[in-house]
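Derivation of every value follows stated rules applied to the coordinates shown; laboratory data play no part. All of these numbers come straight from a predicted model, not from anything done at the bench. Heads up, the Cβs are rebuilt from the backbone with ideal geometry, glycines too, and the neighbour counts pull from every protein chain shown.
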Amino acid sequence: MSEHSNGEPIGLRIVWMVLFLFVWQLAELLLAGVVLLQVIYRLFYGAPNAGLLSFGDSLSQYLAEIGRFGTFNTEAKPWPFADWPAPRPSQGEAAHSVPPAPHPVRDEEPKL
């Protein structure tokens, strides 16, 4: 069997590609869930959730990395062989923020 440019047999590369296609399918369902949750959150709070913004961006980048690996655009295997993609700053709406709750004032001495 012929070797790929990085010394890995092409058969092994094909196995990785098939495995990452299954991961792609799972990640795609997860992204659909994030989209649905974000829409619901946006409807209730008027702005997107910051955690979902970050995770959605990282997951989108991960799917792109799988696509690049599968189409021979890169030799780098995606996570778990590489670091999970770091989220980039949002270019859309600002995230919903909740102001910190005020701390209750405590009396030094109990009132009698």
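Could I have the simple spin-label model distance between L31 and M17, label points 7 Å from Cα toward Cβ, reported in nm to one decimal?
Inter-label distance under the simple model: 1.9 nm.
With each label point set 7 Å from Cα along the Cα-Cβ vector, what nm distance links H103 and S60?
Placing both labels 7 Å along Cα→Cβ, they lie 3.9 nm apart.
I'd like the Kirkwood hydrodynamic radius of region 10-70, using the inverse of the mean 1/r over distinct C-alpha pairs, in Å. Before the final figure, lay out each step's value.
Details: mean 1/r = 0.0785 Å⁻¹.
Answer for region 10-70: a Kirkwood hydrodynamic radius of 12.7 Å.
HN-Hα J couplings of region 83-95 from phi, Karplus 6.51/-1.76/1.60, θ = phi - 60°, integer Hz, Gly and Pro as x?
Values, residue by residue: 5, 5, x, 7, x, 9, x, 5, 10, x, 5, 6, 6 Hz.
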